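Okay, structure first, notes after.
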Amino acid sequence: MKTGLYELRGEVPKYDYIPIDDVVTTGSSLLEAIALIGTEPMKTIVVLDKRPENINPQVISIFKLPYLGS
């Protein structure tokens, strides 16, 4: 299954799932992955959240980078 720049390899999860990512900067990659799968995850875990606010998608992050603006 393919959408945009992304392709899902393997099967679509039949049960609850938890995506894990290394870094979230804007959240768009996670949103695209969730849209590709077609159902909302139980939780989303990231190592580093670089966004100014933990919204859309909400994630559980191991580290939070202080927002420095642009």
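The values are calculated or read from the model by the stated rules, or taken from the named source; none is laboratory data. What you are looking at is a predicted structure, and each value in this text was computed from that prediction instead of being measured. A quick note on method: Cβ atoms are made from the backbone with ideal geometry, for glycine too, and the neighbour counts reach across all protein chains shown. For the accessible areas, the whole protein counts, side chains as well, though only heavy atoms, and no ligand, DNA or RNA atoms are used. Shrake-Rupley method; radii C 1.70, N 1.55, O 1.52, S 1.80 Å.
Among the chymotrypsin sites (Phe, Trp or Tyr not before Pro) within segment 1-63, which fall in a DSSP loop and have no more than 12 other Cβ atoms within 10 Å of their own Cβ?
Those that pass, being in a loop and sparsely packed, are Tyr15.
In whole percent, and with a 1.4 Å probe on the protein chains, what portion of the accessible area of the chain is carbon and sulfur? Don't skip to the answer; put the middle values down first.
On the way: 3070 of 5360 Å².
C and S fraction of accessible area: 57 percent.
With a 1.4 Å probe and all protein chains left in place, how much accessible area per residue does the chain have, in Å²? Could the numbers behind the result be given before it?
Values: 5360 Å² over 70 residues.
That works out to 77 Å² for each residue.
Cross-link candidates for Lys14: which aspartates and glutamates have Cα within less than 13 Å, leaving aside residues fewer than 8 places away along the same chain?
Within the straight-line cut-off, Lys14 pairs with Glu40.
Straight-line reach from Lys64: which aspartates and glutamates have Cα under 18 Å away, leaving out those fewer than 8 places along the same chain?
Qualifying aspartates and glutamates at Cα under 18 Å: Asp21, Asp22, Asp49, Glu53.
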